[in-house]
Structures are given as structure tokens and as C-alpha cells.
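Taking it in order: structure first as C-alpha cells, then the write-up.
Each reported figure results from applying straightforward, stated rules to the coordinates on display, with no laboratory input. If you're wondering where the values come from, they're calculated on a predicted model, not measured in any experiment. Neighbour counts run over all protein chains shown; Cβ positions are idealised from the backbone, glycine included.
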Amino acid sequence: MIFFWIVFAIDTVAALTAFYFFLEGLGDGSVSSFNMALWLALLGGVIAIVGGGWMLNVNGRRRMAIAVLSILAIPSVLFGLFMLLIVITQPNWH
């Protein structure tokens, strides 16, 4: 039970991050009609993963819900660890 909520929280943070960058892109003009289809597909996929995981959990299929939510959670955690590694080690990029 607790593992579902951990994975769900990670997915929610990733979804909110995607929506934040989408809204910022709308504000500064980097999201335009040229790449709107890509953004809508990305946001639709994120919504499908988070919503699908939630619905599977509500219907009592917790293992399947965790599997669906892991599609987004695993890359998000790996990217977060990579960013943490960069902040801690402060590599020289020359």
C-alpha cells in the first residue's frame, strides 16, 4: 500500500513539472503551433499514466497500478539522481 503512494507521489511531481514547463513555454513563446502536437502528446501520456494508475488502484488492481505508474516513476527517479549527482560533484565541463 505504501509503495503505491510513493510511486504515485513521484509521478505526480513529474506531471506537475511537465505542466509547469508547458505553461512557462506558453508564456515565453517556446511552445507554439509548431510543436503543440508534441506537447499535447507528452501531456496526454503523462495524464494517461497517472490517471490509469489511479483507476487501477481504485479497482483493486494495485500491482498493475504500480507497474503502470513505474513507467514514469523510474525515469523520473533516475533523472533526479543524475541531477543530484551533478550538484554534489560539481564536474568540470571543459
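Counting beta carbons within 10 Å around each of MET64, MET83 and listing the fewest first gives the order MET83, MET64. Let a ≥ b ≥ c be the square roots of the eigenvalues of the Cα gyration tensor of the chain; is it rounded (a/c under 1.5), or, if not, prolate (a/b larger than b/c) or oblate? Oblate. The simple spin-label model puts a point 7 Å past each Cα toward its Cβ; for LEU85 and VAL13 those points are separated by 1.8 nm. Phi angles of the stretch 23-37 translate, via the Karplus equation with coefficients 6.51, -1.76, 1.60 and θ = phi - 60°, into HN-Hα couplings of 5, 5, x, 5, x, 9, x, 6, 9, 9, 5, 5, 10, 5, 5 Hz per residue; Gly and Pro are given as x. Take TYR20, project a point 7 Å from its Cα along the Cβ direction, then tell me which residues of the stretch 38-72 have their backbone nitrogen under 18 Å from it. Label zone hits: 43, 46-47. Close amide-amide hydrogen proximity is noted between VAL31 and LEU26, each under 5 Å apart and 5 or more residues distant or on a separate chain (H modeled in the peptide plane; Pro and chain starts excluded). By the beta-carbon count within 10 Å of each Cβ, the least crowded to most crowded order of SER30, SER76, fewest first, is SER30, SER76.
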